[in-house]
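Q: Mind looking over this structure? Questions follow.
The values are calculated or read from the model by the stated rules, or taken from the named source; none is laboratory data. Worth saying up front: this structure is predicted, and the values here are computed from it rather than measured. All Cβ positions, glycine included, derive from the backbone under ideal geometry; neighbour counts span all protein chains shown. For accessibility, only protein heavy atoms count, side chains too; no ligands or nucleic acids. Shrake-Rupley method; radii C 1.70, N 1.55, O 1.52, S 1.80 Å.
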Amino acid sequence: MSSPVAHPLLASERLLGIRRGIEKESLRALPDGKLALTPHPLALGSALTHPHITTDYSESQLELITGVHAGVQACLDELVETHQYTYRTLQEAGQEMLWVSSMPCGLPTDETIPLGRYGSSNIGRAKSVYRMGLGHRYGRRMQTISGIHYNWSLPGVSNAEYFALIRNFRRHAFLLLYLFGASPALCPTFVEGRQHELQSLNGQALYMPHGTSLRMGRLGYQSDAQASLAVSYNSLEGYAASLHDALTRPWPAYEALGVLNPGGDYIQLATSLLQIENEFYGTIRPKRTIFQGERPLHALRERGVEYVEVRLMDLDPFEPVGINARTMRFLDVFLLHCLQSESPPDTPQEITELARNQHLTAARGREPGLQLLRGGQAVTLKDWGSELVQACEPIARALDAAHGCTDYSAALASARTGLADPSTLPSARVLAEMANGHDNSFLRFVRARSQQTREHLLARPWTPQQQLRYELMARKSLEDQKAIEAADTMPFEIFRQQYVSPSRLGSPARAATQEVLA
């Protein structure tokens, strides 16, 4: 009997072409577990122009970004090194630490949460105004949730194949929430004045007993306005059209706000359903590196999908930098499975079903016998998850062979353990540690983990050469910001109007052409 022909995706030389990078958000917190309200430290460089250290929504929310790496360990090593420099810089200024949970530390009143500031240039002001708009639209608290984004590409993948991957990823994302969700509880300050279904733990925390990732549930990145978007992932052209519509469609509630407040200050970039592309929430995004000043949608339409950005990973409080190599290897296997599996077009019914599955898994993923919907039929999360892990086995073996290791099969074995024994999962471990050592206090548990992480990273070896390299990067980023500011001549209002103009979003015809060329 002839042996089965290996899938062309699994040829070793192709697998060695996988590239990945990480973007990791973390709040700066004080020793007492409250949000640090200090500005972004100058010694870290310019948040506008630094390639590896910036801020996300808030001035208090760091975002650490790796370069693009061929190796999992090399990617992780760079993330560790950037953390080391960041902690050393924070130590010189005081006792601030990085909060190791996705769900925020003790938050002040909503309007006191500081927005990211990027200097006086037009692009810097636009970034701040965009964040002001997010605060008006969704509240500032929601924006302080932090996560890890995993950027991933494989050579020779067409637009159509990337969108097939994305459809399958959305179908199977529940498994990642179950295995790696690490936010089953939160600080009561996060939901002050909001309706929720969470249960109280001694008044010290709010939680869901079988929750996995509250960050990805109904209390996380949610928006009634965006719920009206039925974005299809059946093609680049269709996806781009959906996004184009959201970026140009007037939204009454945002029109009522206006772009300026009565005092003449900017409060949002635009009054459309989305101000800019990044406002669209999703568990995964198709991405393309943009040119300076270019709109992301224009880049996608002109040059096609370059990589995908996985956006649903929680920070793991038990890992020094929020993620480990085993998790990254599982993501590699999982994404390859999504790419090589049959991927029928999505439908409005399925999109509704997937949203339900996501919310159920986020809130109740570890509940015994929990059932999800697959094509209208009930199936237990464990059975479906086990099927997926089994289907990933040939991929893990192929990656092991390409890299001369057994690490990918070990990552799958760990997933099998998690499906068989939910108590081993990060979400269960968080609740167990809160109960056993911290009187069920979310704040006390995360504060202790954050302090341990800080001490661990400060104790790691650090050379004068590393210090100098990061200091030079910081200095150069500050010079780059000054150069951008000096070159600005256009009034901000003209810049804003041009930036949000529909003409900057690219031509629908280009997406179709790209698909033919791919």
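Q: Report, in listed order, any pair from K127/K287; K24/K127; K24/K382; K287/K382 with a Cα-Cα distance greater than 21 Å. Write out the running numbers ahead of the final one.
A: Working: K127/K287 19 Å; K24/K127 19 Å; K24/K382 29 Å; K287/K382 32 Å.
Exceeds cut-off: K24/K382; K287/K382.
Q: Per residue, how big is the convex hull around the C-alpha atoms of the range 1-130? Give it to me in cubic angstrom, could you?
A: Values: hull volume 21.7 nm³, N = 130.
It comes to 167 Å³ per residue, whole-number rounded.
Q: Taking square-rooted eigenvalues a ≥ b ≥ c of the alpha carbon gyration tensor, is the range 419-504 rounded, prolate or oblate, where a/c under 1.5 means rounded and, failing that, a/b exceeding b/c means prolate?
A: Working: a/c = 3.42, a/b = 1.73, b/c = 1.98.
Taking the square roots of the gyration eigenvalues as a ≥ b ≥ c, the range 419-504 is oblate.
Q: On each of the three principal axes of the Cα atoms of the range 360-436, give max minus min coordinate, whole Å, ordered largest first.
A: Reported extents, whole Å, longest axis first: 40, 40, 16.
Q: Between the range 415-440 and the range 328-345, what's the alpha-carbon centroid distance in Å?
A: What the calculation gives is 27 Å, centre to centre.
Q: Next question, about the same structure. From zero outward in steps of 5 Å, how is the percent of C-alpha pairs of the range 452-492 spread across the bins?
A: The calculated distribution, bin by bin, is 5, 18, 14, 13, 14, 10, 9, 7, 6, 3.
Q: Let me have the 222 nm mean residue ellipticity of the chain computed from DSSP H runs of 4+ only, each contributing -39500 (n - 2.57), with the sum over all residues rounded to the nearest 500.
A: Working: 19 runs with 241 residues, N = 518.
Taken over the chain, the calculation gives -14500 deg cm²/dmol.
Q: Using the Karplus equation 6.51 cos²θ - 1.76 cosθ + 1.60 (θ = phi - 60°), what ³J(HN,Hα) coupling, rounded to whole Hz, does each residue of the range 193-199 give in order, writing x for Gly and Pro?
A: x, 10, 6, 7, 10, 6, 9
Q: I'd like to know how the range 282-359 sits against the 2.2 N^0.38 Å rule of thumb: what's its Cα Rg over that expected value?
A: Values: Rg = 15.8 Å, N = 78, 2.2 N^0.38 = 11.5 Å.
The value comes to 1.37.
Q: Apply the Karplus curve 6.51 cos²θ - 1.76 cosθ + 1.60, θ = phi - 60°, to the phi angles in the range 68-78 and return the couplings in whole Hz, x for Gly and Pro.
A: 3J(HN,Hα) across the range 68-78, in whole Hz: 8, 10, 7, x, 4, 5, 4, 5, 5, 4, 5.
Q: Please sort 481-491, 225-235 by packing, taking for each peptide the average over its residues of neighbouring beta carbons within 10 angstrom, highest first. Mind showing how you got there, number by number?
A: Values: 481-491: 13.0, 225-235: 15.7.
Taking the mean over residues of other Cβ atoms within 10 Å, the ranking is 225-235, 481-491.
Q: Over the C-alpha atoms of the range 214-266, what are the Rg and the largest Cα-to-Cα span, Dmax, in Å?
A: Over the range 214-266's Cα set, Rg and Dmax evaluate to 14.9, 45 Å.
Q: Rounded, prolate or oblate, given the Cα gyration tensor of the range 174-245, with a/c below 1.5 counting as rounded? Display every interim value, and only then the final one.
A: Details: a/c = 4.25, a/b = 2.00, b/c = 2.13.
It comes out oblate by the Cα gyration axes.
Q: Could you give the accessible area per residue of the chain, probe 1.4 Å, as a whole number in Å²?
A: 41
Q: Moving on. What are the ³J(HN,Hα) couplings of the range 232-243, residue after residue, when phi is run through the Karplus curve with 6.51, -1.76, 1.60 and θ = phi - 60°? Round to Hz, x for glycine and proline.
A: 9, 10, 7, 6, 4, 4, x, 4, 4, 5, 4, 5
Q: Counting only protein heavy atoms, what percent of the accessible surface of the chain is carbon or sulfur at a 1.4 Å probe? Walk me through the intermediate numbers first.
A: Numbers: 11220 of 21030 Å².
Of the solvent-accessible surface of the chain, carbon and sulfur hold 53 percent.
Q: Moving on to the next point. State to the nearest 20 debye the size of the charge dipole of the range 1-153 about its Cα centre, where the only charges are +1 on K and R beta carbons and -1 on D and E beta carbons. Walk me through the numbers before you get to the answer.
A: On the way: 14 positive and 14 negative charges, 90 e Å.
Magnitude of the dipole: close to 440 debye.
Q: Where does each of 377-390, 41-54 land if you order them by average Cβ count within 10 Å, highest first?
A: On the way: 377-390: 15.9, 41-54: 20.9.
The most tightly packed comes first, giving 41-54, 377-390.
Q: Peptides 361-367, 153-159: what's the order by average Cβ count within 10 Å, highest mean first? Numbers along the way, then the final one.
A: Details: 361-367: 23.1, 153-159: 16.6.
Answer by packing, highest mean first, reads 361-367, 153-159.
Q: Given a Förster radius of 22 Å and the C-beta distance between R416 and A355 as r, what FRET efficiency does 1/(1 + (r/R0)^6) yield to the nearest 0.05? Write out the running numbers ahead of the final one.
A: On the way: r = 27 Å, r/R0 = 1.24.
The formula returns an efficiency of 0.20 here.
Q: Of C392, G211, L15, which is farthest towards the positive pole of the chain's charge dipole, taken about the Cα centre with +1 and -1 on the beta-carbons of Lys, Arg and Asp, Glu respectively?
A: The residue sitting farthest along the positive end of the dipole is G211.
Q: Okay, next question. Assuming 0.36 nm per residue, please report the length gained on full extension of the stretch A227 to Q195 beyond their Cα-Cα distance.
A: Working: separation 32, 0.36 × 32 = 11.52 nm, distance 1.79 nm.
Extra length available between A227 and Q195 comes to 9.7 nm.
Q: Give me the Debye-computed log₁₀ of I(q)/I(0) at q = 0.05, 0.08, 0.09, 0.12 Å⁻¹ for the chain, equal point scatterers on Cα only, no solvent, two decimals.
A: So the normalised log intensities are -0.19, -0.50, -0.64, -1.23.
Q: Rounded, prolate or oblate: which fits the range 299-434, taking a ≥ b ≥ c as square roots of the Cα gyration tensor eigenvalues, rounded meaning a/c under 1.5, else prolate when a/b beats b/c? Let's see the in-between values first.
A: Numbers: a/c = 1.39, a/b = 1.03, b/c = 1.35.
The shape class here is rounded.
Q: Throw me the Rg/Rh for the range 294-334, computed over C-alpha atoms with Kirkwood Rh, two decimals. Before the final figure, lay out each step's value.
A: On the way: Rg = 14.8 Å, Rh = 12.7 Å.
The Rg/Rh ratio comes out at 1.16.
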